[in-house]
Amino acid sequence: MTPLTPPPGGFIGPVKRSVTIAGHPTSISLEPVFWAALEAQAAARNLPLSALIAQIDALRIQAADPPNLASALRCWLFVQTRP
């Protein structure tokens with residue numbers, strides 16, 4: 001069995017960043033690995049980070065029981081990065 005190792009850079013708690021979604025500023029707290037993954041996904045789609053977050057937010061609010069935005073972002077990223 002392969003031993004577990006910490007993620008590169010270690011375990012780091014959430015970092016709060018401000019983004020504008022549909023003209024409204026909001027703060028989102030995510031761990032740096034999630035911010036990096038969101039930035040990579042935005043770059044892959046040739047979108048500004050705020051535009052990608054806005055698209056995910058639009059999908060989130062259509063759910064029957066929408067989670068908070070940070071949870072929606074993590075879940076979306078998890079599905080995108082699965083092999």
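The values are calculated or read from the model by the stated rules, or taken from the named source; none is laboratory data. Keep in mind the model is a prediction, meaning the values are calculated, not measured. All Cβ positions, even for glycine, are placed from backbone atoms using ideal geometry, and neighbour counts span all protein chains on display. The accessibility values were calculated without ligands, DNA or RNA, using every heavy atom of the protein model including side chains. Shrake-Rupley method; radii C 1.70, N 1.55, O 1.52, S 1.80 Å.
Remark: pairs (first residue in the range 65-76, within 18 Å of Lys16 (Cβ to Cβ); second residue among the basic types (Lys, Arg) and buried (at least 16 other Cβ atoms within 10 Å of the Cβ); Cβ separation under 6 Å; 6+ apart in sequence or on different chains) = Ala72/Arg60. Residues in the range 49-64 that are over 14 Å from Arg17 (Cβ atoms) and either open to solvent by 80 Å² or more (accessible area, probe 1.4 Å) or among the polar types (S, T, N, Q) (or both): 5 in all. Entry remark, the range 13-57: residues being touching a residue at least 40 places away in the same chain (Cβ under 8 Å) and in contact with a Lys or Arg (Cβ under 8 Å, 6 or more places away or on another chain) number 4 in total. Check whether at least one residue in the range 5-22 is open to solvent by 50 Å² or more (accessible area, probe 1.4 Å), modelled with pLDDT under 95 and on the phi > 0 side of the Ramachandran plot, and report yes or no. Yes: one or more hits.
Is it true that Asn46 is at positive phi and open to solvent by 40 Å² or more (accessible area, probe 1.4 Å)?
Values: at positive phi: yes; open to solvent by 40 Å² or more (accessible area, probe 1.4 Å): yes.
Here the answer is yes, as Asn46 does meet what is asked.
Do you know which of the residues in the range 26-83 that are in a loop (DSSP other than H, G, I, E, B) and charged (D, E, K, R) is farthest from the chain's Cα centre (by Cα)? Going through the qualifying residues, I end up with Asp65.
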